[in-house]
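Participant: One structure follows; several queries about it will come next.
The values are calculated or read from the model by the stated rules, or taken from the named source; none is laboratory data. Note that the structure is a prediction, hence the values are computed from the model and not measured. Please note: Cβ atoms are built from the backbone with ideal geometry, for glycine as well, and neighbour counts cover all protein chains shown.
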Amino acid sequence: MTALDAPAAAGAAVRPPRFESARRFARAFLRRRSGIAGLAVLAAFTVLALVAPLFIGPDQLDVTRVNGPLLASPSAHYPLGTDQAGRSVLLMLIYGSRESLRVGVIATLLTLVIGSGIGIVAGHYGGLVGRLLMHLTDWFIALPGMPLAISLAAVLGQGETSITIAIAVTSWTGTARLIRAQTLAVEARPFVERARALGAGHGQIMQRQVLPNVMPLILVSSTLTIAGAMLSEATLTFLGLGDPTSVTWGEMLNQAFFNGAFTADAWWYILPPGLAILLVVLGFTLVGRAVETVLDPRMQERP
Amino acid sequence: MTVSSVAPGADGVGADAVEAEPVPPPGPGPATAAGRRAPRLPWPGYLGTKLVGAVVSFFVVLVIGFVLFNLMPADPVRTMTRGRPVSPEQMAQLRVQLGLNRPVWARFLSYLNDTVHGNLGYSWQYQQSVGSLVMSRLGPTLLLMGTSFLISVVLGLWLGMRSGWRAGSLFDRLTSGTALALWSVPTFWLGMILLIVFSVGIGPVSGILPAGGMSDPTLSQTGMVHYLDVARHLILPAVTLVLVAYAQYVTIMRSSIIEQLGSPYLLTARAKGLSDAAVRRKHAAPNALLPSMTMIFMQLGLLVSGAVTVETVYSWPGLGYLTYEALKIPDLPLLQGTFIVFSASVIIMNLLADLLYRVLDPRVRAT
């Protein structure tokens, strides 16, 4: 590649086309204010989640070790008040971002693996296999997600793992449909025919030709998937399917609602976790929509 | 681009969730080789295809329910007797009583037979049949979901139509921004906030609406007083569900209207001298409504999800609250019952949407 292009470029820095398009994408993205706002929110929460263990430890989070006032309203020492066990709500909020984000990200990865796996296979094998897989996807789309996720998580038992699995099992369908459509488009292009003519097998075409070409789409859809996954995580945890000893935003709201903070009018315990969920979900949604707009040529002419 | 002629493999490329061709719950696809131009099936054939599709979907639900609740739990007897002193002999006897010693296929067949005959098992927690429990909770859920569905569809379609027609205007940006923010709010948290503001009260201002339940037990349970009381209890849960659900419909209708914007028939209507409002209402809206209605019914599952959390927050005595009560134990037969009933109702609504689409589509009515 470089050998062929080098004489023409004569001295100027030769950039592989892939990075050139990435730069163009970044420039277009930076022009969208809502996308940047979303990115800033996400960056702030990620940094908080990463540095949280440096200054928050079991001393502040373990119910048996804390000795603050119970359900106290905000004060200088506790900027967001305390919960029913005397823990600082602010510290719980910061620490909670870790598990909430982690479950959201892992569930999304699992969703993308299942969804794009099924999508690529369904798109590649057009015949009976593809039709069956698409029917399977349609059946899952028709199922109401929340009752299925609740049932699955309840059967698997309380905890982060079963919530992650429940989210992935109920949310891969959108990705599968999207990736299948894209696979069909990629497979119609000449370089796939060329690979096939050169003797590439099914596995090789799916891995070496289709996967790299649908990857950008998978990544784009991931931002919107994370938003949904984090909402589902909060909901399932709120309903009591999470690990009661862990500190997450959903768990905080669960304890606030079912353990008396609610009747005590403890708004400082109820507002912050919900606002945090709202901000992060909104952040992912804004970024996802901005990326979608930048990549979709049809949307560019539209206001 | 009609629902009945979506062949597997004929989807738009890179279609996003909103613009993707809605695909009905599958049945044997009527069009394969002929693709999009396939002639429409006559009514009986169409009805048959859709019915078969719905039945197959329901069968899949039953299979999932069986795997989930009868095969996956390691030992239902242990779950049932958790925390109680039970001897191994008693547990063995309980297993025989529940039929757990029979082969899987025999259990599946009797499970199918039971479910189809409306026998959904026996709740561990309430010690009564799941069928009667579910039936007694169906009414409140239908009331709550029906009310919120109607309000949010009307509100969402209207806002979506107005904002799509003037895409990019201040009104559009406000509407879309609000819809986006409300979509990002966790439903249960929104419910909690409304509950605090309107029922518990903030500071010196006391609440004006009831905190939960469906009626005040101290009032008479019949007549006008009762209806007004139920309506008062319905306000907060319904408003919560509407706020969460209407955003979806705004998005759907907005993009559907935008699809129509450049159409030649709108130009014709304007050339005839019709006012802008008349073009929007009489020409653009009906054409944008068709695909929107299908999408709206396809997304009923979201309303069901919202109902589970909203009913939990407001202790509304419906199926969603029953699901919550079942998962606390966890009461597997009861969970299975609510899962099957929720899924069945979504399948039925999708079937109705397919039939409705066919009735409403003027291209079919004309022939």
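Participant: Looking at B:Ser176, B:Ser152, B:Ser148, B:Ser163, which is the one that is surrounded by 15 or more Cβ atoms within 10 Å (Cβ to Cβ), modelled with pLDDT under 90 and touching a helix residue (DSSP H, G or I) at 6+ places or on another chain (Cβ under 7 Å)?
Facilitator: B:Ser176
Participant: Looking only at segment A:66-85, which residues are farther than 11 Å from A:Trp268 by Cα and under 32 Å from the mean Cα position of the chain (by Cα)?
Facilitator: Answer for segment A:66-85, where residues must be farther than 11 Å from A:Trp268 by Cα and under 32 Å from the mean Cα position of the chain (by Cα): A:Gln84, A:Ala85.
Participant: A further question follows. Does B:Val279 count as crowded, with 21+ Cβ neighbours inside 10 Å and not basic (Lys, Arg)?
Facilitator: no
Participant: A further question follows. Kindly indicate the residue of segment A:176-231 that is more than 23 Å from A:Ala290 (Cβ to Cβ), surrounded by 24 or more Cβ atoms within 10 Å (Cβ to Cβ) and not hydrophobic (A, V, I, L, M, F, W, C) and also farthest from the other protein chains (Cβ to nearest Cβ) among those meeting that condition.
Facilitator: A:Thr183
Participant: Another question about this same structure. Give the residue, chosen from B:Gly118, B:Gly131, that is surrounded by fewer than 14 Cβ atoms within 10 Å (Cβ to Cβ) and under 30 Å from B:Pro237 (Cα atoms).
Facilitator: Of the residues listed, the single one that is surrounded by fewer than 14 Cβ atoms within 10 Å (Cβ to Cβ) and under 30 Å from B:Pro237 (Cα atoms) is B:Gly118.
Participant: Here is a follow-up. Report yes if A:Ile141 is touching a Gly at 6+ places or on another chain (Cβ under 7 Å) and closer than 19 Å to A:Ala229 by Cα, otherwise no.
Facilitator: Here the answer is no, as A:Ile141 does not meet what is asked.
Participant: Are there any pairs, at least 6 apart or on different chains, whose C-beta atoms fall under 6 Å, with the first in segment A:275-293 and under 11 Å from A:Phe29 (Cα atoms) and the second at pLDDT 90 or above, and if so, which?
Facilitator: Listed by first residue and then by second, the contacts come to A:Val287/A:Gly38; A:Val287/A:Leu39.
Participant: On the given criteria, is B:Thr268 crowded, with 23+ Cβ neighbours inside 10 Å, among the hydroxyl-bearing types (Ser, Thr, Tyr) and in a helix (DSSP H, G or I)?
Facilitator: no
Participant: What pairs come out if I take residues in segment A:52-71 that are touching a residue at least 24 places away in the same chain (Cβ under 8 Å) and pair them with residues that are of a type in the set (Val, Ile, Thr) and assigned to a loop (DSSP other than H, G, I, E, B) whose C-beta lies under 9 Å away, six or more apart or interchain?
Facilitator: A:Gln60/A:Val66; A:Leu61/A:Val247; A:Val63/A:Thr245
Participant: What do you reckon, is B:Pro333 touching a residue at least 12 places away in the same chain (Cβ under 8 Å), more than 7 Å from every other protein chain (Cβ to nearest Cβ) and either within 12 Å of the chain's Cα centre (by Cα) or farther than 24 Å from B:Phe66 by Cα (or both)? Lay out the reasoning, then the answer.
Facilitator: Values: touching a residue at least 12 places away in the same chain (Cβ under 8 Å): yes; more than 7 Å from every other protein chain (Cβ to nearest Cβ): yes; either within 12 Å of the chain's Cα centre (by Cα) or farther than 24 Å from B:Phe66 by Cα (or both): no.
No: the conditions fail for B:Pro333.
Participant: Condition test on B:Ile340, is it farther than 19 Å from A:Val155 by Cα, of a type outside the set (D, E, K, R) and surrounded by fewer than 24 Cβ atoms within 10 Å (Cβ to Cβ)? Give the derivation first.
Facilitator: Values: farther than 19 Å from A:Val155 by Cα: no; of a type outside the set (D, E, K, R): yes; surrounded by fewer than 24 Cβ atoms within 10 Å (Cβ to Cβ): yes.
In short, no.
Participant: Looking at segment A:140-168, I want the residues that are at positive phi and have a partner that is at pLDDT 85 or above and surrounded by fewer than 22 Cβ atoms within 10 Å (Cβ to Cβ) with Cβ atoms under 8 Å, at least 6 apart or on another chain. Which pairs are those?
Facilitator: A:Gly159/A:Asp243
Participant: Oh, and also: On the given criteria, is B:Gly262 within 11 Å of chain A (Cβ to nearest Cβ), in a loop (DSSP other than H, G, I, E, B), more than 24 Å from A:Pro147 (Cα to Cα) and not β-branched (Val, Ile, Thr)?
Facilitator: Yes, satisfied.
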